[in-house]
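A short worksheet on the structure shown next.
The values are calculated or read from the model by the stated rules, or taken from the named source; none is laboratory data. Note that this is a predicted model, so its numbers are computed, not measured. Ideal geometry is used to build each Cβ from the backbone, glycine not excepted, and the neighbour counts take in all protein chains shown. The area values use the complete protein model at the heavy-atom level, side chains included, leaving out ligands, DNA and RNA. Shrake-Rupley method; radii C 1.70, N 1.55, O 1.52, S 1.80 Å.
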Amino acid sequence: MRMKMVRPGLLTTVQDTGRIGYQQYGITTSGAMDQLALRVANLLAGNEENAGALEITLMGPKISFLEDTLIALTGADLSPVIDGKEVGMWRPVLVKAGSLLQFGIPKSGCRAYLAIGGGIQTEPVMNSRSTYVRAGIGGVNGRALQAGDELTCGSPSDKSQHLLSKLQKKEGKAFVAASWTLSSELLPTYEDEPSIQVVEGPEYAYFTEESQQQLTKDSFQVTPQSDRMGYRLKGTELKLRENLELVSSAVTFGTVQVPPDGNPIVLVADHQTTGGYPRIAQVASVDFSKLAQVAPGKSMRFTYISLEEAQKAYIQRETTISTIKKALQFQFN
């Protein structure tokens, strides 16, 4: 199955679940910003969870499908239409050959995910197809997609092929959506000012008591200088009790660092592997997806939770994904 980029959008890249096992060599994991949305998109398209898919940021692309293709759209609602008609999200959709998918005004969130039955087939780099633009690796020549790029997908799984065949028998000019979708109880919600759960970071005690409280008392705005490496936040300046010199230490997705200007930086998918700024907090992994959907100009709040609470929330999230898998086994038969 093949598709062609007619217009690339603001930032459209190939991503999967990440480049695991190379951080000791200075290579970050990259991967989808919203792992939950990518994983579910792949499941809906009949793929393995880590298959290559498109991450679409705010202003979406225009894509021409050169063959009948099974797709699934998840994540942010960027007003997707196929040949001018609205297309549902969080469900499998058969797109007919020659049809055009494009996007409009963002309604909620800022990153959408497009999975294709068979998965997008780019050359893996260190066991991942994820695009890491800063290093120029993965995806299509290590860069964001451009107009004229043609993407090839792998052979659809038996599940994908079975559903594709069923949908091809139904009437529909540009596309045919499955008659079912995931229950709203299983789907994430993207708020304008979400509350992001954090645990105390390694250097939490080095901050003034006032700053410790302000991190969760005040809201912080995501500035336009934010990207896939880190969210630069603007709000109440956080202060240390005294000047502190640190040896560079490990950082990860969700690490909340505080540089000398007092404005926090939350590291995200393309984060560096070590950092020297004090770490006041660490975002709970269950909220990485919620964090990924906060657009520049929007605000967020932080809420302290315990490590045990963070672990329980993560287990609950994985239980939800297992529920989705079981439900889809029935729908794909």
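Quick check: is even one residue across region 180-194 assigned to a strand (DSSP E or B) and open to solvent by 70 Å² or more (accessible area, probe 1.4 Å)? Outline the logic, then answer.
Our first condition is that a residue be assigned to a strand (DSSP E or B); within region 180-194, this holds for none.
No: zero hits.
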Worksheet item: Would you pick out the residues in region 265-304 that are within 15 Å of P194 (Cα to Cα) and in a loop (DSSP other than H, G, I, E, B)?
Response: A284, Q293, V294, A295, P296, G297, K298
Worksheet item: What are the residue pairs meeting all of these: first residue in region 126-139, first residue open to solvent by 10 Å² or more (accessible area, probe 1.4 Å), second residue among the charged types (D, E, K, R) and part of a strand (DSSP E or B), Cβ atoms under 9 Å, and 6 or more apart or on different chains?
Response: V133/R143; G136/R143
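Looking at region 25-54, which of the residues that are open to solvent by 10 Å² or more (accessible area, probe 1.4 Å) and assigned to a loop (DSSP other than H, G, I, E, B) is nearest to Q161 (Cα to Cα)? Can you show your working first?
Taking region 25-54 first, the residues open to solvent by 10 Å² or more (accessible area, probe 1.4 Å) are 25-27, 29, 35-36, 39, 43, 47-51.
When the remaining residues are screened for being assigned to a loop (DSSP other than H, G, I, E, B), the result is 26-27, 29, 47-51.
Working: G26: 40, I27: 36, T29: 31, N47: 11, E48: 14, E49: 17, N50: 19, A51: 16 Å.
That would be N47.
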Practice prompt. Please work out which one of (1) in a strand (DSSP E or B); (2) over 19 Å from N141 (Cα atoms); (3) of a type in the set (S, T, Y) is the condition S79 fails and give its number.
Written response: (1)
Practice prompt. Determine whether region 215-231 contains at least one residue that is surrounded by 16 or more Cβ atoms within 10 Å (Cβ to Cβ), without any contact (Cβ under 8 Å) to a residue 40 or more places away in the chain and either of a type in the set (A, V, I, L, M) or not in a loop (DSSP other than H, G, I, E, B) (or both).
Written response: no
Worksheet, complete the sentence: Screening V87, V93 for residues that are crowded, with 22+ Cβ neighbours inside 10 Å and in contact with a Phe, Trp or Tyr (Cβ under 9 Å, 6 or more places away or on another chain) leaves only V93
Fill in: Given (1) at pLDDT 95 or above; (2) assigned to a loop (DSSP other than H, G, I, E, B); (3) open to solvent by 30 Å² or more (accessible area, probe 1.4 Å), number of the condition G60 does not satisfy
(3)
